[in-house]
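**Student:** Take a look at this one; I'll ask things after.
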Amino acid sequence: MRAKDLPAPVWEAVDAADVVIHAGDWMSADLLDALEARSARLVGVWGNNDGPDLRERLPEVARVELDGVRFAVVHETGAAQGREKRCQKAYPDTDVLVFGHSHIPWDTTAANGLRLLNPGSPTDRRRQPTHTWMTAETTPGRLDQVTLHHL
């Protein structure tokens with residue numbers, strides 16, 4: 001069952017972050033409103049479970065440059081098999097691709113250097129042993145520390 005709110009540790013991370021990235025499946029405009037209110041900066045996309053109200057407010061793909069690192073955010077990237085090759089072709093001018101949909105944590109690097117990150121989900125763990133989310137740090141021109149957090 002999906003939670004009606006984010007867990008307290010996730011809200012603490014939101015409050016501390018310079019930028020919050022959400023890869024879709026908001027399920028409710030209330031969460032979008034709350035994250036917009038509490039985030040210093042929010043970058044988000046709609047997911048397959050989001051209705052017309054959220055799709056009107058959010059793009060399918062978001063792009064942002066942070067500290068010289070080019071990020072793209074999308075909900076769906078297709079099957080795990082072949083993901084790196086598909087994504088490096090689809091996002092050639094991207095350093096980091098953040099995606100969702102599966103709710104399964106993912107951290108790989110494609111042959112061209114594209115880093116693919118899926119934080120999992122802090123509210124809907126599906127087949128995973130724990131609920132998860134990620135934090136990351138950048139330094140000029142590079143993504144440094146990526147941490148997968150477990151609840």
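**Student:** If the requirement is being modelled with pLDDT of 95 or more, surrounded by 19 or more Cβ atoms within 10 Å (Cβ to Cβ), among the hydrophobic types (A, V, I, L, M, F, W, C) and touching a helix residue (DSSP H, G or I) at 6+ places or on another chain (Cβ under 7 Å), which of these qualifies: Leu58, Leu54, Leu42? Before you say what the answer is, go through the steps one by one.
**Tutor:** On the way: Leu58 fails: touching a helix residue (DSSP H, G or I) at 6+ places or on another chain (Cβ under 7 Å); Leu42 fails: surrounded by 19 or more Cβ atoms within 10 Å (Cβ to Cβ).
So the residue among Leu58, Leu54, Leu42 that is modelled with pLDDT of 95 or more, surrounded by 19 or more Cβ atoms within 10 Å (Cβ to Cβ), among the hydrophobic types (A, V, I, L, M, F, W, C) and touching a helix residue (DSSP H, G or I) at 6+ places or on another chain (Cβ under 7 Å) is Leu54.
**Student:** For the stretch 40-84, enumerate the residues that are free of Cβ contacts under 8 Å to residues at least 40 places away in the same chain and at positive phi.
**Tutor:** Gly78, Gly82
**Student:** Would you be able to say whether some residue in the stretch 44-60 is under 27 Å from Ala34 (Cβ atoms) and of a type in the set (Lys, Arg)?
**Tutor:** Residues of the stretch 44-60 under 27 Å from Ala34 (Cβ atoms): 44-60.
Going one step further and asking which of them are of a type in the set (Lys, Arg), we end up with 55, 57.
Yes, the stretch 44-60 contains at least one residue that is under 27 Å from Ala34 (Cβ atoms) and of a type in the set (Lys, Arg).
**Student:** Can you tell me how many residues within the stretch 114-151 are farther than 26 Å from Lys85 by Cα and crowded, with 19+ Cβ neighbours inside 10 Å?
**Tutor:** Selection size over the stretch 114-151: 3.
**Student:** Exactly one of (1) outside any loop (DSSP other than H, G, I, E, B); (2) on the phi > 0 side of the Ramachandran plot is unmet by Asp25. Its number?
**Tutor:** Asp25 satisfies every listed condition except (1).
**Student:** Every residue in the stretch 80-108 that is within 27 Å of Leu151 (Cβ to Cβ) and aliphatic (A, V, I, L, M), please. If you could, list the steps in order and put the result at the bottom.
**Tutor:** Start the filter on the stretch 80-108 by keeping residues that are within 27 Å of Leu151 (Cβ to Cβ), which leaves 80, 83, 96-108.
Ala80, Val96, Leu97, Val98, Ile104, listed by residue number.
**Student:** Sticking with this structure for a sec: Taking the stretch 10-31 as the search range and keeping residues that are of a type in the set (A, V, I, L, M, F, W, C) and within 17 Å of Phe99 (Cα to Cα), which one is surrounded by the fewest Cβ atoms within 10 Å (Cβ to Cβ)?
**Tutor:** First pass over the stretch 10-31, keeping only residues of a type in the set (A, V, I, L, M, F, W, C): 10-11, 13-14, 16-17, 19-21, 23, 26-27, 29, 31.
In the following step, the residues that additionally are within 17 Å of Phe99 (Cα to Cα) were identified as 19-21, 23, 26-27.
Working: Val19: 15, Val20: 18, Ile21: 23, Ala23: 24, Trp26: 22, Met27: 18.
The extreme case among them is Val19.
**Student:** Restricting attention to the stretch 71-95, which residues are of a type in the set (Val, Ile, Thr) and at pLDDT below 95?
**Tutor:** Step one: filter the stretch 71-95 for residues of a type in the set (Val, Ile, Thr), giving 73-74, 77, 94.
Of everything in the stretch 71-95, just one residue is of a type in the set (Val, Ile, Thr) and at pLDDT below 95, namely Thr77.
**Student:** Residues of the stretch 47-73 being closer than 30 Å to Gly141 by Cβ and either in contact with a Leu (Cβ under 7 Å, 6 or more places away or on another chain) or among the polar types (S, T, N, Q) (or both), which ones?
**Tutor:** Val69, Ala72 - these are the residues of the stretch 47-73 that are closer than 30 Å to Gly141 by Cβ and either in contact with a Leu (Cβ under 7 Å, 6 or more places away or on another chain) or among the polar types (S, T, N, Q) (or both).
The values are calculated or read from the model by the stated rules, or taken from the named source; none is laboratory data. Since the model is a prediction, treat every value here as computed from it, not as a measurement. Using ideal geometry, Cβ is built from the backbone for each residue, glycine included, and neighbour counts are taken over all protein chains shown.
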